[in-house]
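S.K.: My structure is below; once you've seen it, I'll send some questions.
The values are calculated or read from the model by the stated rules, or taken from the named source; none is laboratory data. Keep in mind the model is a prediction, meaning the values are calculated, not measured. Here the Cβ is made from the backbone with ideal geometry for all residues, glycine too, and neighbour counts use every protein chain on show. Please note that ligands, DNA and RNA were not included when accessible areas were found on the heavy atoms of the full protein model with its side chains. Shrake-Rupley method; radii C 1.70, N 1.55, O 1.52, S 1.80 Å.
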Amino acid sequence: MTRKHASRKKGSHTGTVLSNVQAGECFWKLRLRFDGEAARAFAGFTPGQFIQFDVSDLAIPSTGSIPTALLDGARRNVLLRRPFSFSDVTADADTTTADLLYCIVGPASLRMTTLREGDTAHLIGPLGNGFAVPEGKQTALLVVGGMGLPPIRCLAKSLSIEHPDIETVAFIGSRTVNALPLEERPARFDKGMSLSVPTFATLGVPSMVATDDGSAGHQGPVTECLSQWLRENPDRPREEVIVYACGPERMLAAVAQIANAKEIDCQVSMERRMACGIGLCQSCAIECRVVGSDETIYKLCCQDGPVFDAREVVFGADDA
Amino acid sequence: MAERFDMSVKFAGLKLANPVFTASGTCGYADELADFLDVDALGGFITKSITLKPRKGNPTPRIVETDAGMLNAIGLANVGLERFVAEKLPVIARMKSAVFVNVAGTTIEEYVAVVERLAEEKAIAGFELNISCPNVKKGGISFGTDPAQVEEITRAVKKACGSKVLIVKLAPAVTDISVTARAAVAGGADALSLINTFTAMVIDIETRRPVLANRTGGLSGPAIKPVAVYLVNKVYREVAREAGIPLLGLGGIRSAADAVEFLIAGATAVAIGTASFVEPDCATQVVAGLREYCLRKKIARLDELTGSLHEPA
Ligand SMILES: Cc1cc2nc3c(=O)[nH]c(=O)nc-3n(C[C@H](O)[C@H](O)[C@H](O)COP(=O)(O)OP(=O)(O)OC[C@H]3O[C@@H](n4cnc5c(N)ncnc54)[C@H](O)[C@@H]3O)c2cc1C
Ligand SMILES: Cc1cc2nc3c(=O)[nH]c(=O)nc-3n(C[C@H](O)[C@H](O)[C@H](O)COP(=O)(O)O)c2cc1C
Ligand code: FES
């Protein structure tokens, strides 16, 4: 198995804000341009890797534009950097552009909305290990839960360019349709597998949507769609299939259970609260099994992950 | 090009290239920082606490951010003495900076066993005794709050550490820190470091649960800096100056200006903790800023600053 590592060189970089707009009901899209050394560093970005964003010097939006639920949180100062993944990375000759999709959930993400075109963004990256494509894979099943979309979107793009031979489909789950960070909303979502979701369709990736409240696609957990697809496609050799997932830990646990039961390779992108993102603090522990033993050990989400083999992770509650 | 200025300091008989350390538990085992700064340019490097047996540490969430600080309850997760010797020591041995191994345990015997095993290692300049970690259930902080125990454990470890320098790290949340400082000095400490974190708690008001899986965690970062400056000054005036014991000051330092405050308060050297998470090269930035300060203030040698606090106007 070849594990494609991005360049191991991580560093402190700056990017220039090209745009920063509310791109949907629940999320914003920040586009950054990197030049020089930063451009080279992020040209080697592997989907699933992440950055640590320093937003401590950003302003708070004016009180009127702060959602009521966040008014208390907005007063909190931000000290630590925040981890984010990229949903798209495009490397040209001298510059690299990257898209960051983010939800406003607290003081840091709230401050990010005040970034304007031409502003400088301070970040550390690329960090961690991204998704790997083992040899011999013919089918990639992408599973998204809510804000787990950005790294999976990034992976879908890289698969479409670097592995056009791999058949890729996406299963997109959410509490409700408006909580999905989709830039272009289709007029209607098909119930089954179709090219109705532009985010994936433009990459040639068919998808299936599932929502808990039935506001789009299948009503129920996205894992039901995954199971159904596997039932309906029993002829694929298991060793040629791989599942990639990012979303809430409960969803990842369910995806892992399905994949492990069928002995299908599965990589999950995990989330933890991170103080440093670079292996200094040990705050981001992920409990992992040790092969050939009942013991478990803690690995570090920021260094050993955030992408893990689903077989090794001992899933717990979300790290909220 | 900066003017030449000798940044070296004498610290418990050691000559250090400069007075800036990285603090225990905030700088990994050195190789993690190497992408961001020249680890050889540090005055000192203090490892994560090492215990006799490996420790998995606490469940997550292990950290939570607060206003101007953070709480951590890592639970002394570390590879344990044997793997430290096999895997980490060779990396550390290549460092030019003075390396101190931070030692923790639940019994005096455990502390002594770790120090005995490492006392002959050339790569190590000394030890920092962590008797003040708020995040382990047994021992830990109780050692650090009872002066009789502080003296006893310091004496036992000092006997085991041969010619190496012994720094005792003091707990801040005691009635009178000078009492524990005196006890450490009586036990044979070569230097004192202060402060470790304060036990603290953050509550999620939606669930009415503590945010940290461990309920409580240690508060660090800018929030604790003024308290740390005060405690360094108190220990300097009441214990260290007279005993001729150098202080390693830490707690919330993120700039050269912060570091200068600690030196004026009485510290001979300083350590960067939480700030390295935000700016991984914070320690070397502080070294550069200190140099500028000394040149601007026409200070000939850094030790002129130590304890140079004037009376209020
Ligand atoms: C590897 C990685 C990649 C990520 N990629 C993205 C992304 O592409 N887009 C995006 O919107 N978000 C992403 N996140 C989550 C993002 O880091 C948090 O939303 C952000 O830190 C929130 O900061 P805040 O100050 O706005 O809110 P805070 O007040 O810090 O957090 C709000 C609430 O969110 C929860 N929370 C915060 N951080 C985390 C975390 N790391 N894991 C789980 N729960 C958390 C807590 O319950 C907290 O109360 C990623 C996280 C990780 C670890
Ligand atoms: C995540 C984290 C882990 C720590 N681990 C240790 C440790 O293992 N041993 C120890 O003596 N101190 C430990 N500390 C305490 C620091 O060394 C330091 O005393 C404290 O954080 C105050 O300094 P600061 O405000 O600059 O961080 C830790 C601190 C943090 C934030
Ligand atoms: S976030 Fe600090 S070690 Fe992973």
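S.K.: Identify the residue in the range B:43-76 that is more than 21 Å from B:PRO222 (Cβ to Cβ), of a type in the set (A, V, I, L, M, F, W, C) and part of a loop (DSSP other than H, G, I, E, B) and, among all such residues, is farthest from the other protein chains (Cβ to nearest Cβ).
M.R.: Among them, the one singled out is B:LEU52.
Here is a yes/no grid of residues against (1) more than 14 Å from chain B (Cβ to nearest Cβ); (2) more than 10 Å from ligand 1 (Cβ to nearest atom):
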| residue | (1), (2) |
| --- | --- |
| A:ASP72 | no, yes |
| A:ARG76 | no, no |
| A:PRO107 | no, no |
| A:THR114 | yes, yes |
| A:ASP119 | yes, yes |
| A:HIS122 | no, yes |
| A:LEU127 | no, no |
| A:ALA132 | yes, yes |
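S.K.: Specify which of the listed residues (A:ILE278, A:ILE258, A:ILE264, A:ILE286) is within 16 Å of ligand 2 (Cβ to nearest atom), among the β-branched types (Val, Ile, Thr) and either within 14 Å of chain B (Cβ to nearest Cβ) or more than 20 Å from A:PHE50 (Cβ to Cβ) (or both).
M.R.: Numbers: A:ILE258 fails: within 16 Å of ligand 2 (Cβ to nearest atom); A:ILE264 fails: within 16 Å of ligand 2 (Cβ to nearest atom); A:ILE286 fails: within 16 Å of ligand 2 (Cβ to nearest atom).
Answer to the selection: A:ILE278.
S.K.: Please determine whether any residue of the range B:61-69 is among the hydrophobic types (A, V, I, L, M, F, W, C), within 16 Å of ligand 2 (Cβ to nearest atom) and over 20 Å from the mean Cα position of the chain (by Cα).
M.R.: The first filter runs over the range B:61-69 and keeps only residues among the hydrophobic types (A, V, I, L, M, F, W, C), leaving B:63-64, B:68.
Retained after the next criterion (residues that are within 16 Å of ligand 2 (Cβ to nearest atom)): B:63-64, B:68.
Okay, now just the ones that are also over 20 Å from the mean Cα position of the chain (by Cα), so B:64.
Yes, some residue in the range B:61-69 is among the hydrophobic types (A, V, I, L, M, F, W, C), within 16 Å of ligand 2 (Cβ to nearest atom) and over 20 Å from the mean Cα position of the chain (by Cα).
S.K.: Something else: Just a yes or no: is a residue in the range A:240-252 more than 8 Å from chain B (Cβ to nearest Cβ), away from ligand 1 (no atom under 16 Å from the Cβ), among the acidic types (Asp, Glu) and without any contact (Cβ under 8 Å) to a residue 60 or more places away in the chain? Please lay out each step first, then the result.
M.R.: Going residue by residue through the range A:240-252, those that are more than 8 Å from chain B (Cβ to nearest Cβ) are A:240-252.
If we keep only those that are away from ligand 1 (no atom under 16 Å from the Cβ) too, we end up with A:240-243.
Among the residues that remain, those that are also among the acidic types (Asp, Glu) are: A:240.
Add one more test, that the residue is without any contact (Cβ under 8 Å) to a residue 60 or more places away in the chain, and what stays is none.
No, every residue in the range A:240-252 fails to be more than 8 Å from chain B (Cβ to nearest Cβ), away from ligand 1 (no atom under 16 Å from the Cβ), among the acidic types (Asp, Glu) and without any contact (Cβ under 8 Å) to a residue 60 or more places away in the chain.
S.K.: Within the range A:202-219, can you find the residues that are surrounded by 14 or more Cβ atoms within 10 Å (Cβ to Cβ) and either under 18 Å from the mean Cα position of the chain (by Cα) or part of a loop (DSSP other than H, G, I, E, B) (or both)? Lay out the reasoning, then the answer.
M.R.: First pass over the range A:202-219, keeping only residues surrounded by 14 or more Cβ atoms within 10 Å (Cβ to Cβ): A:203, A:205-212, A:215-218.
If the condition is that a residue be surrounded by 14 or more Cβ atoms within 10 Å (Cβ to Cβ) and either under 18 Å from the mean Cα position of the chain (by Cα) or part of a loop (DSSP other than H, G, I, E, B) (or both), then A:LEU203, A:VAL205, A:PRO206, A:SER207, A:MET208, A:VAL209, A:ALA210, A:ASP212, A:SER215, A:ALA216, A:GLY217 are the ones that fit.
S.K.: Considering only residues that are away from ligand 2 (no atom under 16 Å from the Cβ), touching a Ser or Thr at 6+ places or on another chain (Cβ under 8 Å) and among the aromatic types (Phe, Trp, Tyr), which ones fall in the range B:4-60?
M.R.: B:PHE11, B:PHE36
Condition check ((1) crowded, with 21+ Cβ neighbours inside 10 Å; (2) within 16 Å of ligand 3 (Cβ to nearest atom); (3) away from chain A (no Cβ under 14 Å); (4) modelled with pLDDT under 95) across all residues:
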{"site": "B:PRO134", "(1), (2), (3), (4)": "yes, no, yes, yes"}
{"site": "B:ALA148", "(1), (2), (3), (4)": "no, no, yes, yes"}
{"site": "B:GLU152", "(1), (2), (3), (4)": "no, no, yes, yes"}
{"site": "B:ALA171", "(1), (2), (3), (4)": "yes, no, yes, yes"}
{"site": "B:ALA181", "(1), (2), (3), (4)": "yes, no, yes, no"}
{"site": "B:GLY187", "(1), (2), (3), (4)": "yes, no, yes, no"}
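S.K.: With the structure loaded, tell me whether B:GLU279 is open to solvent by 40 Å² or more (accessible area, probe 1.4 Å) and either within 18 Å of B:LEU194 (Cα to Cα) or away from every other protein chain (no Cβ under 14 Å) (or both) or whether it fails that test. Lay out the reasoning, then the answer.
M.R.: Numbers: open to solvent by 40 Å² or more (accessible area, probe 1.4 Å): yes; either within 18 Å of B:LEU194 (Cα to Cα) or away from every other protein chain (no Cβ under 14 Å) (or both): no.
No.
S.K.: Any idea which residue in the range B:9-23 is nearest to the other protein chains (Cβ to nearest Cβ), counting only those that are open to solvent by 20 Å² or more (accessible area, probe 1.4 Å) and in a loop (DSSP other than H, G, I, E, B)?
M.R.: At the first step, the residues of the range B:9-23 found to be open to solvent by 20 Å² or more (accessible area, probe 1.4 Å) are B:10, B:12-15, B:17.
Within this subset, residues satisfying the condition of being in a loop (DSSP other than H, G, I, E, B) are B:12-13, B:17.
Values: B:ALA12: 26, B:GLY13: 29, B:ALA17: 22 Å.
Filtering the range B:9-23 for residues that are open to solvent by 20 Å² or more (accessible area, probe 1.4 Å) and in a loop (DSSP other than H, G, I, E, B), the one nearest to the other protein chains (Cβ to nearest Cβ) comes out as B:ALA17.
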